[in-house]
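Participant: So that we are looking at the same thing, I have put the structure below in structure tokens.
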Amino acid sequence: MKTMTKNKWENFEKFFQQLEGSEFDGSSVLDYIWEEDLEDIHTFDCLINVLNDKSYFEQESEIIYYSNAMKYLMENDNSLTESFECANEYGYELKNLNSETLASILKEKLLRDDFYSYENEINEFLIKL
């Protein structure tokens, strides 16, 4: 492993460990990004592309079982307004929705929103990296 790449990776790890140690709700980005991915990550948008390719947001958002889904929806969107808006944006038809699908869609949106709230910090870090 090249020293430059190793240093870059160590800095990347350290940054995301600190970031995720704050109030970030997703699982660790470090579980989805590997050292060889750093060549493709220069901006926040590049990072999002890599995470999307690896289904980071989708894998984290799946909610199974009716009771878990209903609990999640009651805690995060008890009117279901935001959940239905997201489902509509993704092209779902009403007949294809259930509580698990709605909860999973909402959780993915909230995870993305949470991650995007760190866009400036991540971009600043990646520029220096």
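The values are calculated or read from the model by the stated rules, or taken from the named source; none is laboratory data. Remember, it's a predicted structure, so these values are computed and weren't measured experimentally. Methodologically, a virtual Cβ is constructed for each residue, glycine included, from the backbone with ideal geometry; neighbour enumeration extends over all protein chains shown.
Participant: Every residue in the stretch 20-49 that is within 11 Å of the chain's Cα centre (by Cα) and among the hydrophobic types (A, V, I, L, M, F, W, C), please.
Facilitator: Matches in the stretch 20-49: F24, V29, L47, I48.
Participant: Closer than 28 Å to N11 by Cβ and among the polar types (S, T, N, Q), is that true of N96?
Facilitator: The answer is no for N96.
Participant: So L80 fits all but one of (1) over 19 Å from the mean Cα position of the chain (by Cα); (2) at pLDDT below 95; what number is the exception?
Facilitator: Against the list (1) over 19 Å from the mean Cα position of the chain (by Cα); (2) at pLDDT below 95, L80 comes up short only on (2).
Participant: Moving to a separate point now. List the helices (runs of 4 or more DSSP H) that sit entirely inside the stretch 1-111 and contain at least 2 residues that are within 25 Å of I122 (Cβ to Cβ).
Facilitator: Helices (runs of 4 or more DSSP H) meeting the threshold: 3-21, 44-53, 56-61, 81-89.
Participant: Within the set of pairs 6+ apart or on separate chains, which have a first residue in the stretch 47-75 that is on the phi > 0 side of the Ramachandran plot, a second that is outside any loop (DSSP other than H, G, I, E, B), and C-beta atoms under 9 Å apart?
Facilitator: Hits for this filter: Y65/E100.
Participant: What pairs can you find where one residue is in the stretch 114-129 and in contact (Cβ under 8 Å) with a residue 40 or more places away in the chain, the other is surrounded by fewer than 14 Cβ atoms within 10 Å (Cβ to Cβ) and in a loop (DSSP other than H, G, I, E, B), and their Cβ atoms are less than 7 Å apart, with a gap of 6+ or different chains?
Facilitator: D114/D25; N123/T43; L126/H42; L126/T43
Participant: Quick one: would you say S67 is more than 30 Å from W9 (Cα to Cα), more than 19 Å from the chain's Cα centre (by Cα) and either among the small types (G, A, S) or at pLDDT below 90 (or both)?
Facilitator: yes
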